[in-house]
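Accompanying notes for the structure given below.
The values are calculated or read from the model by the stated rules, or taken from the named source; none is laboratory data. Every value quoted in this text rests on a predicted model; they were computed, and no experiment measured them. Here the Cβ is made from the backbone with ideal geometry for all residues, glycine too, and neighbour counts use every protein chain on show.
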Amino acid sequence: MHKYVTKPEFNGKKFFIGISFSSITSNESAVAVLDQNLNIILLDKLFSMHDVEHFLTSFQGKENAVIGISMAKNEVMISSRWKYLSRIYHPVNLNSSIKNRDNWADRFSKKGVDFFRSLKNNGCSVLRFDLQNVKTVFGLNGIFLDRTPADCKALQTVLKYKLNFANLPNNMLPVSELEAIMGAYTMYSYTTDIKSEVSKKLFKFHDLDVVGFNQGVKFC
């Protein structure tokens, strides 16, 4: 076993849970659980918020785990093209003449935030992660459309060759499960990066820290 050291606030954490959390009902969510040696010990699909709640409530090792949930996109924003494109213009949130009706200008969905906060308040280590930040660091953002076969293949290649996940199957995994593995790895990286050289806190979202990678980080 390799040397395993965590930040003080994560002492005793033995598992790293990543949940690829979708707010769009047609896209399934997924969960991945890694151990201290980055062995994949569980992979599964989650088809609804109820499934996510059931998994996190019933998982016996959650007190000894760092739980990472991806930031879900706001469905109201992406329902029309001009709203989706306007998300990159920060002044749209500051201009009082543009009404943020139904929270359309919010990039991220508030779905599940009350449940995730309750887990944290009950003593679990709960964080969020921005999947786009992760993809950008590994050179995947903007190259392939999300959740296409090419995106799936590129993500599995990163996990296998850059992050050395030895026990990935030879066949192509569903992209939601690959995203969940990447989320679990993000939790591992943030937890064990004592000097914050690789990963950091990005911002807060409804009282939960959103963590990700420093841009320009090089992986073997």
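Scanning segment 118-152 for residues that are among the small types (Gly, Ala, Ser) and either surrounded by 18 or more Cβ atoms within 10 Å (Cβ to Cβ) or over 25 Å from VAL66 (Cβ atoms) (or both) yields SER125, GLY139, GLY142, ALA150.
The number of residues in segment 165-199 that are closer than 20 Å to THR6 by Cβ and exposed (fewer than 15 other Cβ atoms within 10 Å of the Cβ) comes to 4.
Only one of the numbered conditions (1) part of a helix (DSSP H, G or I); (2) over 15 Å from SER20 (Cα atoms); (3) of a type in the set (A, V, I, L, M, F, W, C) is violated by MET172, and that is (1).
The listed residues are ASP151, ASP193, and the only one of them that is charged (D, E, K, R) and not assigned by TED's automatic domain parsing to the domain that holds SER20 turns out to be ASP151.
Scan segment 37-44 and tell me whether some residue there is surrounded by 15 or more Cβ atoms within 10 Å (Cβ to Cβ), out of contact with any Phe, Trp or Tyr (no Cβ under 8 Å at 6 or more places or on another chain) and modelled with pLDDT of 90 or more. Yes, segment 37-44 contains a residue that is surrounded by 15 or more Cβ atoms within 10 Å (Cβ to Cβ), out of contact with any Phe, Trp or Tyr (no Cβ under 8 Å at 6 or more places or on another chain) and modelled with pLDDT of 90 or more. Of all residues in segment 200-215, those that are among the acidic types (Asp, Glu) have Cβ atoms under 6 Å from Cβ atoms of residues that are surrounded by 12 or more Cβ atoms within 10 Å (Cβ to Cβ), 6 or more apart or on another chain, in ASP207/ARG117; ASP209/LEU127; ASP209/LYS201. Within segment 175-198, the residues that satisfy the criterion of being within 13 Å of the chain's Cα centre (by Cα) and either in a strand (DSSP E or B) or of a type in the set (Gly, Ala, Ser) (or both) are SER176, ALA180, GLY183, ALA184, SER189.
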